[in-house]
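Single-structure report; data block below.
Any read-out appearing in this document is the output of simple, stated calculations on the displayed coordinates, not a laboratory observation. Predicted, not measured: the structure shown is a model, and the values here were computed from it. Virtual Cβ from ideal backbone geometry, glycine too; neighbours counted across all protein chains shown.
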Amino acid sequence: MPTTVVSALVEALPHVQAWAGRTVVIKYGGAAMTSPELAAAVTQDLVLLRAIDVKVVLVHGGGNAVSEMGRKLGIEPRFIDGLRVTDEQTMRVAQMVQVGGISRDIVADIGRRGGRAISLSGHDGGGWLRATPRRHRSRESGNEVDLGRVGDMTSVDARLIRGVLKARLIPVVAPVAVDDSMASLNVNADAVATAVASALSADKLIFLTDVDGIRGPGGAIRSEVSASELRGWIADGTVSGGMIPKAEACLAAVDAGVRLVTVADGRVMHAPLVELLTDKGVGTMVVADAP
């Protein structure tokens, strides 16, 4: 066996021991989801992590696929302030693509690699993912606008997903929640991942993104940052533009009790394994402030 392979296995050993029995939530999207090679690497990682007793949960996005399918059906996507306007037709398309398509494909790929998974959305278990319709004010006009079936997470009933994990299955969660009448709501996948991680008291949340991490003062990628320091970077403009929502998602997760949150570069092959089972990791880890 090559020396480099042996060295990698030896390096991984303490990390395997540290993560065995722990709960890790992975938010899956971006390039990692659209590249066949990266997608295959992620499902391989999930099967391996479950085999070494990491309780791994996958929450996936799929906005681009929803837009593509909508266009094929004659429904042109509309956005306000970057938020998808989700009428009843678009909601049907989102369910069809995310619940009936993407989730099922991921479950099938996990099965082909020897793993066991199950797809979940908000309707399952009597409505385990709950949300409320979002009230949004236009940044341009200041007026309240109707986004349709777009929701903000309100609660997660973790009993269902804990039962799935106890059965040694990998839950694959689509970002479709329900309101009090069990009607579907389209929810941001980052928000779903944060809510699920919080409800499970997860040990780690990994956001697979299309960036190589969070840049600190001077523009260098930081391997680790405290929550208070990251808030300061947002306030002083060090973190700006499209990185702000990612940073805010990390802070929301930390505030909700998730101990470690990483913005990981999903363009790196086997990013979840690199993050969890190597000394260096990948991307930027946000840690809660010391009590």
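GNM, the chain, Cα, under 10 Å: largest mean-square fluctuation among Ala32, Ala256, Ala197?
Ala256
Across the chain, how many lysine pairs separated by 8 or more positions, or lying on different chains, have Cα atoms within less than 12 Å? Provide the component values of the computation, followed by the final result.
On the way: Lys27/Lys204; Lys27/Lys246; Lys55/Lys166; Lys55/Lys204.
Lysine pair count for the chain: 4.
Tell me, what is the percent relative contact order of the chain, built from C-alpha pairs under 8 Å that lie six or more residues apart?
Working: 573 pairs, mean separation 64.3, N = 291.
Once normalised by length, the contact order is 22 percent.
Check each of the trypsin sites (Lys or Arg not before Pro) in segment 47-83 and keep only those in coil by DSSP with at most 15 other C-beta atoms within 10 angstrom; list them in order.
Numbers: sites: Arg50, Lys55, Arg71, Lys72, Arg78; in loops: Arg78.
Qualifying residues, ordered by number: Arg78.
Write down the radius of gyration of segment 203-291 and its Dmax, each obtained from C-alpha positions, in Å.
Just the Cα atoms of segment 203-291 yield Rg and Dmax of 12.1, 36 Å.
Would you give the gap between the C-alpha center of segment 95-113 and the C-alpha center of segment 250-270, rounded to a whole Å?
23 Å
Please list 262-269, 222-229, 96-103 highest first by mean number of surrounding beta-carbon atoms within 10 Å per residue. Walk me through the intermediate numbers first.
Details: 262-269: 22.8, 222-229: 15.9, 96-103: 19.5.
Packing proxy ranking, top to bottom: 262-269, 96-103, 222-229.
So how much slack lies between Ala40 and Thr132, counting 0.36 nm per residue of separation and subtracting their Cα-Cα distance, in nm?
Numbers: separation 92, 0.36 × 92 = 33.12 nm, distance 3.43 nm.
Length gained between Ala40 and Thr132: 29.7 nm.
Dipole size in debye (nearest 20) for segment 121-234 around its Cα centre, Lys and Arg Cβ +1, Asp and Glu Cβ -1?
Numbers: 14 positive and 14 negative charges, 54 e Å.
With only Lys, Arg, Asp and Glu charged at Cβ, the dipole is about 260 debye.
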